Structures are given as C-alpha cells and as structure tokens.
Amino acid sequence: MSAKPRPLLSWHPRPAARAALAWCGAIVYPFALFLAARGTPFDSPGLPFVSAAAVTVLPLALLRRRPLPALALMLLGTYVTATTTPFWQVVYLLVLANDLAAGCIVATRPRRIAVTAAVTTLGVQVAFAARLGTGTDGFARTVVVLVLALAAAWMTGHSIRERREHAAALRSQTAAQAAAAERLRIARELHDMIAHSIGVIAIQAGVGRRVIDTQPDEARNALATIEDTSRETLAGLRRTLGALRRTEPGPGAQAAPREPAPGLADLDRLTSSAKDAGIHVDMRWLGERRPLPPDIDLAAFRIVQEALTNVVRHANTPDCRVTIGYQGGELTLEVADDGRGGPTSGAGYGITGMRERVNLLRGQFTAGPRPEGGFRVAARLPLSEGVHIS
C-alpha cells in the first residue's frame with residue numbers, strides 16, 4: 001500500500017509569522033492608501049475609490065490582534081489622505097472604515113480601551129474635516145455627521161457586546177442549573193439507597209437484640225441480613241461517589257468503575273430485603289412486561305424502594321402489595337398496605353423525592369392514607385415522553 005504523495009506547496013505560517021504579516025500590512029496601509037486615493041479634479045472617482053477599498057483590508061489582521069495600534073495606523077492613513085484632495089466618495093469610505101474599526105473595538109474590548117478608541121477616532125476625523133477646508137457651515141455639518149456616525153458605530157458595537165455577555169451569562173446559568181440538578185439527583189439517590197438500607201438494618205438489629213439469648217439462630221440470621229445489607233449499601237455508595245471522583249490526567253488514568261443502575265428487574269432483591277425486615281410483599285405484574293427506558297426503569301425502582309422503606313418504618317404491618325402495570329403507553333406503580341398509615345407530614349424527604357422523580361418524567365403521583373385504612377403510593381409514568389433524569 002503506497003503512501004499518499006505529499007503536496008508540493010503546503011505552507012502554513014506560524015503564529016509569529018502571522019503576527020509579523022499583520023504588522024507589515026498595517027504599517028504599509030497609510031502609504032498604500034496615500035497612493036491609492038490620489039486624484040485630480042478631472043479624474044473619475046471610480047478608480048481611487050476601488051483602490052482605497054482594496055487597501056483597506058491591510059490592517060484588518062492587526063485589528064484583531066492589537067486593535068489600538070491598528071486603529072492608530074488607519075487614522076494616520078486617513079489624515080495623510082487629506083493632503084491628496086481626495087474625492088468625497090473616498091472620504092466617506094475612510095470614515096466608514098474608521099467607524100467600523102471603532103465599533104469592533106467597542107464590541108470586543110474593555111470599556112477603557114473602547115472609550116480611548118472612540119475619542120481618538122473622533123478627534124482625527126474632525127482634524128481630517130478641518131484639513132479638507134469645507135468652510136464654517138460645512139465644517140459644522142460635517143462634525144455633526146461624524147459624531148452621529150461614530151455614535152451609531154458605538155451603539156452597534158455595544159449591542160453586540162451586550163448580546164455576547166448575555167449569551168455567556170446564559171451558558172453559565174445553564175451550567176449552574178445542570179450542576180444543581182445533578183447534585184439533587186445524587187442526593188436523591190443517596191437518600192433512597194441509605195434510608196432503605198438503614199431501615200432494614202435497624203429492624204434486624206432490634207430483632208437480633210431481643211432474641212439473641214432465647215433464639216440464637218434467629219439472631220444469627222438477623223446479623224447476616226445486616227451484614228449483607230451493609231455490604232450492598234457500601235457498594236452502592238462506592239458506585240455513586242465513584243461517579244463524582246475526578247481521575248488524574250495522564251495516559252494511565254482510568255475512570256471509576258460503575259455498575260448498571262438498578263431497575264425493576266432487581267425488585268426480587270428488594271422484596272427479599274423487605275422480607276428479612278419482617279414484611280411480606282405480594283408482588284403483582286399486570287400487562288406484558290417489556291424493556292423500559294433507563295430513566296423510567298431507575299425511577300420506578302426507587303419509588304418502590306422508598307415506598308417499601310416507609311412500610312417498614314411506619315406502617316407497623318406484616319404485609320403490603322406492590323402492583324406493576326404495563327398499560328398502553330404508561331407504567332403504573334402502586335404500593336399499598338393495611339397498616340397504621342405512612343410517614344407524617346414533614347417527617348422526611350421520601351415522599352418529596354418520589355414526587356420529584358415522577359414530575360421530572362412528566363407523570364402523575366399520589367400518596368396518602370386509604371379510606372379503608374393503611375397507606376397507598378401510586379405513580380403513573382408515561383413511556384413516550386423521552387425525558388431523562390440522568
């Protein structure tokens with residue numbers, strides 16, 4: 001396989017060379033403009049105008065790098081041109097070029113530099129008008145026109161600057177909102193995971209303490225459940241906090257390993273954990289089970305997890321029912337018990353966290369006491385919205 005032929009001409013100037021070319025173009029500009037704008041009253045203004053327009057591009061490269069020196073050279077060329085008795089078309093062109101350069105500086109540079117550029121531009125243009133000798137009335141009218149034209153250039157540059165700053169502020173605000181949303185999501189994940197696990201551990205610790213003398217086997221089982229739940233919680237914390245860890249830069253840096261987020265497929269593990277805490281979960285599936293979007297799957301698991309945590313901690317009942325339904329374009333969740341009711345208002349962030357998850361997915365959420373007794377948590381999650389929380 002033969003190598004590609006190298007191009008005969010492939011020259012890319014380095015930054016130092018580009019800077020030197022920019023300075024050379026700007027320095028040549030006053031002399032080139034002086035030669036291009038010269039004319040006699042009997043000549044046509046077309047050629048001087050076209051020539052002056054062509055040489056006006058020479059200081060543009062330096063204007064982007066060093067705006068004040070570039071503008072100074074442009075103004076020098078403008079003033080020198082007054083000695084050549086230029087056509088009025090050329091005069092208008094030079095005034096327009098100077099004002100555009102000043103407006104560019106206003107749009108891209110700090111206010112101190114912008115004010116300096118505007119004042120210098122107006123002073124040289126007024127001196128230019130005086131050198132042309134337009135008479136007292138004509139000079140006054142010319143100065144007014146120069147002031148208005150420069151004011152228009154200033155306002156245009158200032159408007160562009162404000163739009164750029166507003167866009168930067170919006171980007172910064174969007175980044176801050178995204179960071180806040182991510183922190184909220186992580187806090188919610190930690191709450192859901194730790195609250196459920198600590199609830200199970202507390203129940204099992206109490207059981208073990210009461211039966212350790214009379215039923216050693218039951219105490220041993222309680223301790224085993226505490227150990228398993230603690231290990232699982234520690235692994236979940238490691239996954240969550242690993243996502244926040246910044247890796248060291250370098251070729252050998254590796255991202256922190258992350259396991260798949262839990263979903264409805266992990267409900268068996270959840271119900272087994274609730275059973276260890278003394279709660280029998282009657283799991284019911286309605287409709288044809290099918291794969292879910294990751295955000296829906298995770299949110300459904302966390303809602304059921306938090307609802308079961310509330311049953312363990314507050315319901316004081318040995319049974320509860322979990323119903324998962326696939327109905328048309330939505331997923332329905334219901335966790336109900338016949339106990340003494342759910343958490344009291346303001347007791348924690350579990351209900352609030354579940355409601356936030358459902359709202360983020362544009363679903364419907366209800367939680368409250370049942371008329372026949374007990375507590376019910378229900379959620380409806382649309383499967384076609386395409387909203388993601390992670």
- Note on the structure: Exception for ARG64 within (1) open to solvent by 60 Å² or more (accessible area, probe 1.4 Å); (2) modelled with pLDDT of 85 or more falls at (2)
- Message: Only one of THR174, THR142 is open to solvent by 70 Å² or more (accessible area, probe 1.4 Å), at pLDDT below 85, under 30 Å from ARG64 (Cα atoms) and assigned to a helix (DSSP H, G or I). Can you tell me which?
- Response: THR174
- Message: I'd like to know if the stretch 25-48 contains one or more residues that are more than 30 Å from VAL91 (Cβ to Cβ) and at pLDDT below 85.
- Response: no
- Kindly establish whether GLY199 is at pLDDT below 80 and either farther than 22 Å from HIS314 by Cβ or loosely packed, with under 11 Cβ neighbours inside 10 Å (or both). no
- Message: Of the conditions (1) modelled with pLDDT of 80 or more; (2) under 28 Å from the mean Cα position of the chain (by Cα), PRO260 satisfies every one except a single condition; which number is it?
- Response: (1)
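Okay, residues lined up against (1) touching a residue at least 40 places away in the same chain (Cβ under 8 Å); (2) open to solvent by 20 Å² or more (accessible area, probe 1.4 Å); (3) in contact with a Lys or Arg (Cβ under 7 Å, 6 or more places away or on another chain); (4) of a type in the set (Lys, Arg):
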{"residue": "ALA17", "(1), (2), (3), (4)": "no, yes, no, no"}
{"residue": "GLY25", "(1), (2), (3), (4)": "no, no, no, no"}
{"residue": "LEU33", "(1), (2), (3), (4)": "yes, no, no, no"}
{"residue": "VAL57", "(1), (2), (3), (4)": "no, yes, no, no"}
{"residue": "ALA70", "(1), (2), (3), (4)": "yes, no, no, no"}
- Message: Considering only the stretch 95-114, I want to know if a residue exists there that is open to solvent by 40 Å² or more (accessible area, probe 1.4 Å), within 14 Å of GLY157 (Cβ to Cβ) and among the β-branched types (Val, Ile, Thr).
- Response: yes
- Within the stretch 35-49, can one find any residue that is among the hydroxyl-bearing types (Ser, Thr, Tyr) and open to solvent by less than 40 Å² (accessible area, probe 1.4 Å)? no
- Query: Taking helices (runs of 4 or more DSSP H) that fall entirely within the stretch 18-113, which contain at least 1 residues that are of a type in the set (Lys, Arg)?
  - Reply: 60-65
- Note on the structure: When every residue in the stretch 145-157 that is over 18 Å from LEU75 (Cβ atoms) and free of Cβ contacts under 8 Å to residues at least 12 places away in the same chain is compared, the one surrounded by the fewest Cβ atoms within 10 Å (Cβ to Cβ) is LEU148
- Being in contact with a helix residue (DSSP H, G or I) (Cβ under 6 Å, 6 or more places away or on another chain), closer than 29 Å to ILE303 by Cβ and of a type in the set (A, V, I, L, M) is the filter here, so list the residues in the stretch 204-234 that pass it. VAL207, ALA222, ILE226
- Message: From the list GLY350, GLY339, exactly one residue is over 38 Å from the mean Cα position of the chain (by Cα), open to solvent by less than 90 Å² (accessible area, probe 1.4 Å) and at pLDDT below 85. Which is it?
- Response: GLY339
- Task: Go through the stretch 269-318 and give me each residue that's under 15 Å from ASP337 (Cα atoms), touching an Asp or Glu at 6+ places or on another chain (Cβ under 9 Å), of a type in the set (D, E, K, R) and assigned to a helix (DSSP H, G or I).
- Result: GLU306
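The values are calculated or read from the model by the stated rules, or taken from the named source; none is laboratory data. Keep in mind that what you see is a predicted model, and the values were worked out from it rather than measured. Don't worry about glycine lacking a Cβ; one is built from the backbone with ideal geometry, like all the others, and counts go over all protein chains shown. Please note that ligands, DNA and RNA were not included when accessible areas were found on the heavy atoms of the full protein model with its side chains. Shrake-Rupley method; radii C 1.70, N 1.55, O 1.52, S 1.80 Å.
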